[in-house]
Structure formats: C-alpha cells, structure tokens
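What follows draws every value from the coordinates through simple rules; no lab data is involved. Since the model is a prediction, treat every value here as computed from it, not as a measurement. Backbone-built Cβ (ideal geometry, glycine too); neighbour counts: all protein chains shown.
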C-alpha cells in the first residue's frame, strides 16, 4: 500500500524533512488502546511506543499522538524474522485538522477525538435521536476543526417520509445548509449514495450518540461484519458496541474512523466553530444600530426585530447564546489554568536563580572573608 492511499499528500511531505531524522520513516496512527499505539507504515500495522521526551515536555494532551496523526518512527526488529516488529515514535507531524471536545467533568481539559479528518459524518437515528440543537453542537465542533460536515439520518424505515421531511425542513429553517443523506441499514435505502460519497485517499469519521447504528454502518462500508453489533430495543434504539477509535481502510479506497458514542457533547473554546455554524445570526447583528449591541433592549436591534418577525428561529438563537456562553467560560478557565502553570514553573526556576546569585557573591568575595 502506498502511503498516499493512507492520506499522505504534499502538505504532510513538506513537513517530513523538518520533523523526521535520516534514519526515521513515517506512519499513520490507526488506533490507541489502553496506552498501546498501533501505526500503519504502508506495509502493515505494528506497535509503537512513545519516547520519554513526550512525557517530560508535553504541557497538554494535544502534544501526544491521537488516531489519524502522522508520526516519525524509528523501527526496531526484535526477531530476525520480523515477527515482533515494533517502533519508537520520535515526533508528530503538524495536523491539518484536530477534532476535539471538552472533557466531561473538567473545565480546563479537552479530549482529542481524531486528527487529519477531511469529512465528518454526523450519524443521527431519525426515530429518536434527532434535535436541531444537538446537531448545531456537532457542527460547532466540526466547523472549529475546519472539517466538512455531512448529516446521516439512519433508521429511516422506522418513520414516515413526511416525518423525515419535517426534520429536514427544521434543519433548513435553522439556517443549516449541510449535505443530508437518509439511509436504512435494514432496507438498504440510501446506502448507494453513501458509498458514492466515499473517495480514495480521503479520511472520514463517524460521530454520534450510542445506539444510532454506527457499527452497523461501518460493516456496510467495509462489506463484512467486522464490527460487533447488538439487537435494538423495542423503541428501535441500539446498544453501545464501539469502545475505541480505530482508523479503518476501506476496500474501495478511503478511510473511516469509527468512534464510541457520545453521551455528552460539551464545547470547548470554539470561535471559528460559532462563526461558521451561526453565520446567519452574526450577519443579522451587522445590521444593528449600535456596533456593541447586546441584542436585548437596545433601539433598532436587528436580532430582536428578526425574532419578532419570525425571521430568526428563537430556539436557534437560544442555542447560539448557550454555546457562546460555554465557549467564553472555557476560555476563561483556560486562561486561569495557564496562569497557574506559569506560576508553578516560575516557582521551580526561582530557587535555581537564588543559588546562582549566592554562587556569584561567593566568587566575588575575598578568600579570607566569611560570607
């Protein structure tokens, strides 16, 4: 397999010379499972381990590898027949995109989901899982990473065509113009259109809640039952099966990262994501009389006028305010954590400087003069 089939292009190749040593090769991270890193170097998958410098120098989780990364390797063959081949990871190539979310329960941390993704499929079961506000949260996260989003409605065999059209209309009324595919794993409807969307040398990922049919969908894309699935409940909701992120190469070309279901989708600092996902609201705000309008009781407020005339969906605007508030909170928390980190580092350095001053004083004194 050529590395280009794994997604390597000229953008990454331009960084290889700066990042990789003469005795090193490049590979792509395809899985991370309980600290074990699996990479693909074009010949096959092999285990890789991090050098100690990652743990010594890393200031955040973003400095560690994640699924989708390109890394510089030094290969080691423990057996003469190469049956137990492994490698050391020396560095990570710059990322085109990084899909991440705020870690649940922690204000200052974020969780890396996958890197160097070209297209993100948002998977929603249309019989129970769909909410416009939830879709907007996914879009904010995806737009922040500058990844193309596509919505996949699954389990369309469980609702009427009128109900499905109502969902599409609600999405368009909220100003969302992304591509939408409606599919059914049971009847096969829409699967041909999905296969036509998959392009060679392109990396995709599946995002969605547990039980929406991502594992079944992966089996459809792969063409075999490689992923375990479980029976659905009486409501049509599936059960959680995927437990780790894994980059899968497809026979027809292209790659897909399957991900565990997300129970909670809290957003981190997402300036670009908000601007791209709520572009209609930001354009309206440009027409307000005052540039610093708070969109409350100010005269000639374009936002309030649009809400009153039903030209702006009220729920859409409320979700915008909620996500914007979360983003500001996370930014404030990050600034606080960064301040604490710098203070901690300064406290480590201070004793060293004191010792240096004492040493200089000692060197300047007369040998017979006491300190």
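By the beta-carbon count within 10 Å of each Cβ, the least crowded to most crowded order of 317, 56, 128, fewest first, is 56, 128, 317.
Going by how many other beta carbons lie within 10 Å of each one, how would you line up 30, 257, fewest first?
Arranged by neighbour count, lowest to highest, 30, 257 become 30, 257.
Extension gain for residue 74 to residue 57 (0.36 nm times residue separation, less C-alpha to C-alpha distance): 4.2 nm. Model label points for residue 88 and residue 308, set 7 angstrom from Cα along the Cα-to-Cβ axis, are 7.0 nm apart.
What full-extension length gain, to one decimal in nm, is calculated for residue 294 and residue 172 as 0.36 nm per residue of separation minus the Cα-Cα distance?
41.3 nm
Legend: calculated FRET efficiency, residue 2 to residue 23, from the Cβ-Cβ distance at R0 = 25 Å, rounded to 0.05, equals 0.70. Here the extension length gained between residue 64 and residue 9 equals 17.6 nm, from 0.36 nm per residue of separation less the Cα-Cα distance. Protection proxy ranking for 115-126, 60-71, 294-305, using the average of other Cβ atoms within 10 Å per residue and placing the highest first: 115-126, 60-71, 294-305. Normalised by the number of residues in segment 1-76, the mean separation of alpha-carbon contacts (under 8 Å, six or more apart) gives a relative contact order of 36 percent. Label separation (residue 252 vs residue 200): 1.4 nm, computed from points 7 Å beyond Cα along the C-beta direction.
Note on 289, 28: ascending count of other Cβ atoms within 10 Å places them as 289, 28, the fewest first.
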